[in-house]
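The values are calculated or read from the model by the stated rules, or taken from the named source; none is laboratory data. Quick caveat, the model's predicted, so the values are computed rather than measured. Here the Cβ positions follow ideal geometry from the backbone for every residue, glycine too, while neighbour counts run over all protein chains shown.
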Amino acid sequence: MDKAHAILERLYDHGDGYLGLHELATATGLTLAQTQRRLDTLAARGHRLDYSPAHGVALVRPPMLDAHLIERRLDTLRVGRNVICFPEVASTNDVALACARQKDADGLAVLAESQRAGRGRLGRSWISPPGANILLSVLLVDDPPALAHEALTIAAGLAVAEGIEQATGLTAGLKWPNDVLLEGRKAAGILVELRKVDRRRCLVVGIGLNANAAPPAGQVDRPPACLAEFAGAPVDRIAVVQALLRRLDAWVLRIAAADLDELHRRWVARCSMLNERITAVSGGTAYVGRVLDVSPLEGLILACDNGQRVHLPAEGATLRP
Ligand code: BTN
């Protein structure tokens, strides 16, 4: 293993505490001078280090995103087999799709500390303060085709909610099609895009999760939420990304095997919309009625006030407040 990575692992695993430079050097088989050079390399890559003359060096918390720390102990079969972290990109969805022709592109996870042109659903933009949140895209090369777009869309929301819960202990809810909520306020959004690349069906699951800073309130009735606000302390994004990738991996494997019952059960259990009267807009038409179900293949099932029963796919659909 690269010695800078070995040092980073030790600092990360040590939590808030300082590690003596001699201890680090002995543990990694380096001289003191070599250890200092590797620490300088880490700092040059953007890792924030805090030196204490008496105690040594510590990694400032929460740490910046790091592909090596995320891949370590991830143990997923498909999602996150390769991870790349960028300081800044236009959109992580675009970067992931641009990698689709590469060998082993399936399952690639692309993260960025900041986006210049982050995309949201319905042509909106996704704004996130740099260095604070999770901007993640997972590329799935679906060849031969096995991943239902609808199922993947709701699975992504569920994976985010479950990942948040596993990493932070916070309870996250879901609002169709795929908003992740903390006490009713949006903490994450998902944009699943589909493209053909060399005749292969490629899906990119784009996830924007407010971990340590909520963007400024937009036109929505309630301001967006962030995890740190509810956790009462800054959140380690690495732990959240790992938990989320593990849950997404589990759901993707199930969807590929057309095993959707558990996905349906778990999704509905986190959603407070069942039986609620809502207005949904799909294909330019507004539908008013009572929510009967959310189906992994057919979308939102609504008993309309006019007696009609409609199935609305997630893509392009929105709910009116
Ligand atoms: C929504 O409108 O709720 C969906 C927002 C999805 C934003 C994420 S951030 C990472 C990925 N890259 C993008 O450009 N968009 C998605």
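One residue stands out among those in region 71-110 that are hydrophobic (A, V, I, L, M, F, W, C) and part of a loop (DSSP other than H, G, I, E, B): the one that is nearest to the ligand (Cβ to nearest atom), which is A90. When restricted to residues that are more than 9 Å from the ligand (Cβ to nearest atom) and under 15 Å from the mean Cα position of the chain (by Cα), region 128-155 contains 9. If the condition is being under 13 Å from L170 (Cβ atoms) and either touching a residue at least 60 places away in the same chain (Cβ under 8 Å) or touching a Phe, Trp or Tyr at 6+ places or on another chain (Cβ under 6 Å) (or both), then region 219-235 contributes C226, L227, F230, A231, V235. Inspect region 101-113 for any residue being touching a Ser or Thr at 6+ places or on another chain (Cβ under 7 Å) and of a type in the set (S, T, N, Q) and give the result as yes or no. Checked against the condition, which is being touching a Ser or Thr at 6+ places or on another chain (Cβ under 7 Å) and of a type in the set (S, T, N, Q), region 101-113 yields no hits at all.
Listed here are the residues, each with its yes/no results for (1) in contact with a Gly (Cβ under 7 Å, 6 or more places away or on another chain); (2) of a type outside the set (D, E); (3) near the ligand (Cβ under 10 Å from one of its atoms).
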{"position": "E165", "(1), (2), (3)": "no, no, no"}
{"position": "G169", "(1), (2), (3)": "no, yes, no"}
{"position": "R200", "(1), (2), (3)": "no, yes, no"}
{"position": "L209", "(1), (2), (3)": "no, yes, yes"}
{"position": "A213", "(1), (2), (3)": "no, yes, no"}
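Output yes when any residue across region 133-144 is of a type in the set (A, V, I, L, M, F, W, C) and assigned to a loop (DSSP other than H, G, I, E, B), and no when none is. Checked against the condition, which is being of a type in the set (A, V, I, L, M, F, W, C) and assigned to a loop (DSSP other than H, G, I, E, B), region 133-144 yields no hits at all. Among the residues making up region 177-198, a single one is farther than 24 Å from L108 by Cα, within 14 Å of the ligand (Cβ to nearest atom) and of a type in the set (A, V, I, L, M): L181. Just checking, does region 160-177 include any residue being closer than 17 Å to S91 by Cβ, at pLDDT below 95 and more than 12 Å from the chain's Cα centre (by Cα)? Looking for residues that are closer than 17 Å to S91 by Cβ, at pLDDT below 95 and more than 12 Å from the chain's Cα centre (by Cα), one finds none in region 160-177, hence no.
Taking region 153-206 as the region of interest, the strands (runs of 3 or more DSSP E) fully inside it that hold 1 or more residues being free of Cβ contacts under 8 Å to residues at least 60 places away in the same chain and closer than 21 Å to P234 by Cβ are 179-182, 185-197.
Going through (1) closer than 23 Å to R254 by Cα; (2) among the charged types (D, E, K, R); (3) not in a loop (DSSP other than H, G, I, E, B) one by one, E315 falls short only on (3). Among the residues of region 111-128, those identified as out of contact with any Pro (no Cβ under 7 Å at 6 or more places or on another chain), part of a loop (DSSP other than H, G, I, E, B) and not aliphatic (A, V, I, L, M) are R116, G118, G120, R124, W126. Residues in region 21-35: is at least one assigned to a helix (DSSP H, G or I), closer than 28 Å to A132 by Cβ and not polar (S, T, N, Q)? So far as region 21-35 goes, no, none of its residues is assigned to a helix (DSSP H, G or I), closer than 28 Å to A132 by Cβ and not polar (S, T, N, Q). With respect to the stated conditions, A27 is out of contact with any strand residue (DSSP E or B) (no Cβ under 8 Å at 6 or more places or on another chain) and either hydrophobic (A, V, I, L, M, F, W, C) or under 16 Å from D2 (Cβ atoms) (or both). In the condition set (1) closer than 19 Å to L181 by Cα; (2) surrounded by fewer than 20 Cβ atoms within 10 Å (Cβ to Cβ); (3) among the β-branched types (V, I, T), V310 is compliant with all but (1).
On inspection, A156 fails the criterion of being out of contact with any helix residue (DSSP H, G or I) (no Cβ under 8 Å at 6 or more places or on another chain), under 29 Å from G299 (Cα atoms) and surrounded by 20 or more Cβ atoms within 10 Å (Cβ to Cβ). Residues that are near the ligand (Cβ under 8 Å from one of its atoms) and buried (at least 21 other Cβ atoms within 10 Å of the Cβ) were ranked within region 111-120; the one that is nearest to R246 (Cα to Cα) is A112.
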